[in-house]
Amino acid sequence: MQQLPIFLTLSGRPVILIGDGEPADAKARLILAAGGVIVGEDAPEAALAFVALDDDDDASAAATRLRARGLLVNVVDKPALSDFLMGAIIDRSPVLVAVSTGGASASLSRALRTRLEALLPASLGPLAAAIRASREVVNARHKTPSDRRRLWERALAEFAPLDPFAALSDPATAVAQVIAGDSGATPQLATIHVTSADPGELTLNQLNLLARCDVLVVAGDVAPAIIDRARRDAQRLDAVPDPLPPGLTVLLQG
């Protein structure tokens, strides 16, 4: 990664905005939508700063002044002068998707956003809100973090009751029905025979197994790029345990 993608809480925090015209107006709309408070350059406790000046020298000088105060600075349409970049945003609050090309092409970011917009239904935001609102009920019924993870992974899988890419007429009811179900895990073993170092050659089913695994075992010569597709929190073992633990054990066989 060339940049670290983060989502910053701006609610009630001052944000410096220098410039005018449509580029500055666009940034102002984003700052206000995120709950930030727009202030001038001399504000003493700003969270970060945006510079929307057409002249390269003026923009560079403003960025240098702000950066000297310890602020992170975004210079509109000038990635080389910026500490952070703004991606193309898809808003399904509380779900946000941001697409960045590292400053290579804003048009490419917008094209990707347009395609992704068509894939994400309007019910995605209410679904996320319903899941968040159910946290205490889920914790009371499904006692362990592993139980809760398996519950949501099964429910959010493709064609499952809470498939996030499917339009849901009543997300809150669908979530309640899922919570009332069982999160228990039976021991499972899945073997993936790896024949290439290219993760692009893994099938969708294989990628799904790696994303859901509780235990990962690597045997033989398996490329790091393949191993990196496994769930980050999965336990790593050198051999398949006997007996199998609850949940899904995946053996990557090189």
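Structure above, values below:
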read-out: Zone residues, the stretch 163-178, relative to Leu204, backbone N less than 20 Å from point 7 Å out along Cα-to-Cβ; value: 163-168
read-out: Residue-span extension gain [Ala111 to Asp83] - 0.36 nm each, minus C-alpha spacing; value: 7.7 nm
read-out: DSSP bridge pairs, the chain: antiparallel proportion in percent, nearest 5; value: 15 percent
read-out: In order through the stretch 187-199: 3J(HN,Hα) via Karplus (6.51 cos²θ - 1.76 cosθ + 1.60), integer Hz, x for Gly, Pro; value: x, 9, 10, 10, 10, 10, 8, 8, 10, 8, 7, 8, x
read-out: Square roots of five times the Cα gyration tensor eigenvalues for the stretch 117-190, Å; value: 22, 16, 9
read-out: Electrostatic dipole magnitude of the chain [Cβ: Lys, Arg +1; Asp, Glu -1; Cα centre; debye, to 20]; value: 900 debye
read-out: P(r) weight above 21 Å for the chain, C-alpha pairs, percent; value: 70 percent
read-out: Relative contact order (percent, whole number), the stretch 11-70, Cα cutoff 8 Å, 6+ residue spacing; value: 41 percent
read-out: Cα pair distances exceeding 18 angstrom across the stretch 1-61, given as percent; value: 40 percent
read-out: Among beta bridges that DSSP assigns inside the stretch 1-80, antiparallel share in %, nearest 5; value: 0 percent
read-out: Pairwise centroid distance, computed over Cα atoms, of the stretch 156-225 with the stretch 1-75, Å; value: 40 Å
read-out: Å² of accessible area per residue within the chain, as computed with a 1.4 Å probe and no ligands counted; value: 59 Å²
read-out: ³J(HN,Hα) computed for each position of the stretch 54-60 - Karplus, 6.51 cos²θ - 1.76 cosθ + 1.60, integer Hz, glycine/proline x; value: 6, 6, 4, 5, 5, 5, 5
read-out: Amide H contacts of Thr191 (H built 1.01 Å from N, under 5 Å, at least 5 apart or other chain); value: Leu251
read-out: Extended-chain gain in nm, criterion 0.36 nm per residue less alpha-carbon gap, Asp242 and Thr191; value: 16.8 nm
read-out: Fully extended contour minus Cα-Cα distance, from Leu119 to Glu136, at 0.36 nm per residue; value: 3.1 nm
read-out: Percent accessible area from carbon and sulfur atoms, the chain, protein chains only, probe 1.4 Å; value: 54 percent
read-out: Structure-based [θ]222 nm, the chain - -39500 (n - 2.57) summed over DSSP H runs of at least 4, per residue, nearest 500; value: -10000 deg cm²/dmol
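The values are calculated or read from the model by the stated rules, or taken from the named source; none is laboratory data. Nothing here was measured: the structure is a model prediction, and the numbers come from that model. Every residue, glycine among them, receives a Cβ derived from its backbone with ideal geometry; neighbour counts consider all protein chains shown. Please note that ligands, DNA and RNA were not included when accessible areas were found on the heavy atoms of the full protein model with its side chains. Shrake-Rupley method; radii C 1.70, N 1.55, O 1.52, S 1.80 Å.
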